[in-house]
There are 2 protein chains.
Amino acid sequence: MGCTHRAVPTGGYSDWVETVERLIRSTQELLWERGYVGTSPKAIQQAADAGQGSMYHHFSGKAELAKAAIERSGAELRSAAEEQFAGDGSATERITQYLRRDRDVLKGCRMGRLTSDPDVMTDPVLRAPVDETFQWIRSRLTEIIAEGKQNKEYPAGLDPAKTAATIAAVLQGGYVLARAANSPEPFDQAIEGLIDLLGAK
Amino acid sequence: MGCTHRAVPTGGYSDWVETVERLIRSTQELLWERGYVGTSPKAIQQAADAGQGSMYHHFSGKAELAKAAIERSGAELRSAAEEQFAGDGSATERITQYLRRDRDVLKGCRMGRLTSDPDVMTDPVLRAPVDETFQWIRSRLTEIIAEGKQNKEYPAGLDPAKTAATIAAVLQGGYVLARAANSPEPFDQAIEGLIDLLGAK
DNA sequence: GTCTATACCCAGATAGAC
DNA sequence: GTCTATCTGGGTATAGAC
């Protein structure tokens, strides 16, 4: 991978996009929908419109491909979150924007769903990018809450790290509730309930 | 199933426990660890120490067995939660006890993990007990919070349904964060952060 | 009720031709 | 780089004997 050095455009797995790129994107998508155990090399090949030999030429197998896909998804998630985190509003505003960001709730979280995949959690190489992504989100939220405390947005007694974990958990748990209910409603309720708790001070 | 009518004891899949019972319990355990797609009939048979023919005699197949196992797990979860919910403390005390209950955090939630199983979410029969379990938990929490409001434990502005969703979400999301980190710490942080937010009023 | 045999297809990968 | 052939094993179930 990375053998060729052309720039890669976004949007669609158009024919001319390199095979490696299509393989990674397809794997990302399938991991999201079906998880690691539920995703077969054959399914990846079909989604990527690549042959058996092609896939095994670029990747040693399913695990290596999954590693690339999970790392890619982690980078994308961080970058999407940073869009809200790096805004210029108050801490409360930025956190609220992050929480209320438009999301495909019923699809769930690409990273979060991997935590219920035994083969991913068992393999340190596959778990690492999942771990790092959530560590990053929590530490980023911790920083923002600490800022908010300095600006007197939050009470002095508020623990930034704990609160950050709570916020991250509400998002992940919100997805779970929404999928169970097959409706985004519980997700929205959980988010708004949290925003109220954070704002009520 | 239920063909015989002897009482069934708890604890261990002892030899004399009926085959059906061992099959259901083994399936519960495997669904928890590996999910639906990751669990094969053969694995169930081995865990239950039952033969191929035996399993297919009692159940039409994997799906029917999973249905029984998920329903059983749902009943157990509700019953475990009701132990805290039905206590005689204040609303805050009962919710705190529920949140701080001893849990095998790194195993995650048996119900919650099923929401990332595409074959479970797709099949209405399998999703129903998952849905009902979370609906029940949320509505039970809603009731308790409403009680708490009447007793002036919570501010009049607090929305019981939203807050209940937030609480349920923190638990589910806490599991996700803990498994990603391979440590119970983020779970504990998320829980304590929530308790602070609920108590700070 | 439980056993063994059988069946068919898929998972995951390797080998060597082109 | 990509293709097709091939391989071993497992998933999921049915059939019929005991």
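In the set B:D119, B:D102, B:D131, which member is of a type in the set (D, E), surrounded by fewer than 19 Cβ atoms within 10 Å (Cβ to Cβ), in a helix (DSSP H, G or I) and at pLDDT 95 or above?
Step by step, each of B:D119, B:D102, B:D131 is checked, and only B:D119 is of a type in the set (D, E), surrounded by fewer than 19 Cβ atoms within 10 Å (Cβ to Cβ), in a helix (DSSP H, G or I) and at pLDDT 95 or above.
I'd like to check something: does segment B:65-76 contain any residue that is within 14 Å of DNA strand C (Cβ to nearest atom) and either modelled with pLDDT under 95 or surrounded by 14 or more Cβ atoms within 10 Å (Cβ to Cβ) (or both)?
yes
Kindly provide the set of residues from segment B:144-199 that are in contact (Cβ under 8 Å) with a residue 60 or more places away in the chain, at the interface with another protein chain (Cβ under 7 Å from one of its Cβ atoms) and within 20 Å of B:E132 (Cα to Cα), ordered by number.
B:V170, B:L171, B:Q172
Scan A:G173, A:G108, A:G112 and give me the residue that is at positive phi and within 18 Å of the chain's Cα centre (by Cα).
Answer to the check: A:G108.
As an exercise: evaluate A:G35 against (1) within 10 Å of DNA strand C (Cβ to nearest atom); (2) under 29 Å from B:L31 (Cβ atoms); (3) in contact (Cβ under 8 Å) with a residue 40 or more places away in the chain and give the number of the one condition it does not meet.
Answer for A:G35: the failing condition is (1).
Could you look through segment B:48-61, keep only residues that are without any contact (Cβ under 8 Å) to a residue 24 or more places away in the chain and assigned to a helix (DSSP H, G or I), and pick out the one that is farthest from DNA strand C (Cβ to nearest atom)?
Taking the candidates together, the pick is B:Y56.
The values are calculated or read from the model by the stated rules, or taken from the named source; none is laboratory data. Computed from a predicted structure; not experimentally measured. We place every Cβ from the backbone using ideal geometry, glycine too, and count neighbours over all the protein chains shown.
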